[in-house]
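Visitor: Let me give you the structure first, and then I'll get to my questions.
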Amino acid sequence: MKLWRNTTLATLAPPSTPEAGADGWGLIQRGALLADGDRIHWAGAESDLPAGLSVDEETDLGGALLTPGLVDAHTHLVYAGDRAHEFELRLSGASYEDIARAGGGIRSTVAATRAASAGQLLAGALPRARALQAGGVTTLEIKSGYGLDFATEARCLRAAREVGRNTGLTVRTTYLGAHALPPEFEGRPDDYIDAVTGWMPALQAEGLVDAVDAFCERIGFTPAQTRRVFEAARALGLPVKLHAEQLSDQGGAALAAEFGALSCDHLEWLTDTGIAAMRQAGTVAVLLPGAYYFLRETKLPPVDALRAAGVPIAIASDHNPGSSPGLSMPLMLNMACTFFRLTPLEAWQGATVHAARALGLSDRGTLQAGHRADLAVWALEHPRQLAYGFGHDPCRATIVGGHRTLS
Ligand code: NIG
Ligand code: FE
């Protein structure tokens, strides 16, 4: 068994568990945590450490803060090229949608990604994953969606799996073939949806798909086309999620909820109907403050209404070259508080337990017995300080499945 001691624990454990605190943080001063293999065996006050256990490895954390590792539930980490020039165009007045309609945007990243080899895609994605990890991330989702043909979608999803193997991080893959219309299908979006659904079984058979996503938007796909993608996913037993209500209200959230979606993401234009449908389906709202910030949006997601309805709120980086080229979950916590007025505790829950749920994972996100020993060590006294600062780098180590992977 491994022991981490002389630490302040923030368990974030739910009220029904022995590791819970009165205020949601579950703060335990002079705490300790025991891991058996890749699972947490025990977490509590060092003075209460269970006796008679054989500890093979002991780490004195010198009073540092120990929390669950962060979960980044929405990234587009595998791609080639960048879109710095489009950033300049947007700063001089062009809109994200204008650029997409003129053939730039996602399509320009698709051209660069199709031209990249498997090795080049992995070489690009690995440092990005390590940057996220350096900010405390131990589980992340990676979407395809910059290939838009079978071979390149498969190459991107394989690169995502390789990121997991190379870093030790848990990587959940999402097939986002319905991200944009590739040029060879210009004017034939329904034919392209046929292709997207047609590729799905082979990608699944190769073990490349944990979930299926689509971009339901004026510059993406219609609700009817999105429904066809979801029907194909359901026929294969694959869970779905959706880029919904980012730039306009398409009724995407209600559609996704109808399919029992794990999550609906973005949601700036979400309506009460969408919220009610998400609540009923148990769908997580994944808010993406990086995209809100970088696209200089002004329409806020309906946080108060989500909260009032009891819809779990997660936050994620949405790392991608067009709308959110950032690689720091701590910054996302800060922006979720400043822009969206989440409390620091809500932001933490949004980047841990609710984010895990958005990926269909119920074995991580808190420090409680039986959960995975996915941990982050911080040079902080209280976790609220992570959401308070920005541009700082207080993560000292991450531990994934009981193994220290980064320090
Ligand atoms: O989550 N909205 C659609 N997809 C991405 C952006 C993709 C891009 O611009 O390359 C997003 O914001
Ligand atoms: Fe996205």
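Visitor: I'm trying to understand the selection: among the residues of region 200-224, which are more than 20 Å from the chain's Cα centre (by Cα), in contact (Cβ under 8 Å) with a residue 40 or more places away in the chain and crowded, with 20+ Cβ neighbours inside 10 Å?
Guide: 203, 220, 221
Visitor: From the residues in region 70-97 that are in a helix (DSSP H, G or I) and either buried (at least 16 other Cβ atoms within 10 Å of the Cβ) or acidic (Asp, Glu) (or both), which one is nearest to ligand 2 (Cβ to nearest atom)?
Guide: 96
Visitor: Oh, and also: Wholly within region 29-69, which strands (runs of 3 or more DSSP E) include no fewer than the required count, namely at least 2 residues that are closer than 18 Å to residue 13 by Cα and modelled with pLDDT of 95 or more?
Guide: Those strands (runs of 3 or more DSSP E) span 39-45, 65-68.
Visitor: Turning to a different aspect of this structure: When you go through 178, 235 one by one, which is the residue that is within 15 Å of ligand 1 (Cβ to nearest atom) and either over 23 Å from residue 291 (Cα atoms) or aliphatic (A, V, I, L, M) (or both)?
Guide: 178
Visitor: To continue, here is another question. List every residue pair whose Cβ atoms sit under 8 Å apart, with the two residues 6 or more apart in sequence or on different chains, where the first one lies in region 241-265 and is touching a residue at least 60 places away in the same chain (Cβ under 8 Å) and the second, anywhere, is basic (Lys, Arg).
Guide: 247/218; 262/241; 262/357; 263/241; 265/241
Visitor: So, in region 296-313, of the ones that are under 29 Å from residue 98 (Cα atoms) and surrounded by 18 or more Cβ atoms within 10 Å (Cβ to Cβ), which residue ends up nearest to ligand 1 (Cβ to nearest atom)?
Guide: Only one residue fits best here, namely 297.
Visitor: Select from region 243-282 the residues that are in contact with a strand residue (DSSP E or B) (Cβ under 6 Å, 6 or more places away or on another chain) and of a type in the set (Phe, Trp, Tyr) and list them in ascending order.
Guide: Of everything in region 243-282, just one residue is in contact with a strand residue (DSSP E or B) (Cβ under 6 Å, 6 or more places away or on another chain) and of a type in the set (Phe, Trp, Tyr), namely 259.
Visitor: For the subset of region 229-242 comprising residues that are in contact with a strand residue (DSSP E or B) (Cβ under 9 Å, 6 or more places away or on another chain) and away from ligand 2 (no atom under 15 Å from the Cβ), which member is nearest to residue 306 (Cα to Cα)?
Guide: In this case the residue turns out to be 239.
Visitor: Inside region 249-278, can you point out the residues that are of a type in the set (A, V, I, L, M), away from ligand 2 (no atom under 15 Å from the Cβ) and in a loop (DSSP other than H, G, I, E, B)?
Guide: The one that is of a type in the set (A, V, I, L, M), away from ligand 2 (no atom under 15 Å from the Cβ) and in a loop (DSSP other than H, G, I, E, B): 270.
Visitor: Out of 300, 306, report the one residue that is free of Cβ contacts under 8 Å to residues at least 40 places away in the same chain, away from ligand 2 (no atom under 14 Å from the Cβ) and at negative phi. Don't jump to the end; show me each part of the working.
Guide: Values: 300 fails: free of Cβ contacts under 8 Å to residues at least 40 places away in the same chain.
Testing whether each residue is free of Cβ contacts under 8 Å to residues at least 40 places away in the same chain, away from ligand 2 (no atom under 14 Å from the Cβ) and at negative phi leaves just 306.
Visitor: Then there is this: With (1) on the phi < 0 side of the Ramachandran plot; (2) away from ligand 2 (no atom under 15 Å from the Cβ); (3) in contact (Cβ under 8 Å) with a residue 60 or more places away in the chain as the list, and residue 54 as the residue in question, which single condition is left unmet?
Guide: Here residue 54 meets the rest and fails (3).
The values are calculated or read from the model by the stated rules, or taken from the named source; none is laboratory data. None of these values were measured; they are calculated from a predicted model. Cβ atoms come from the backbone with ideal geometry, glycine included; neighbour counts cover every protein chain shown.
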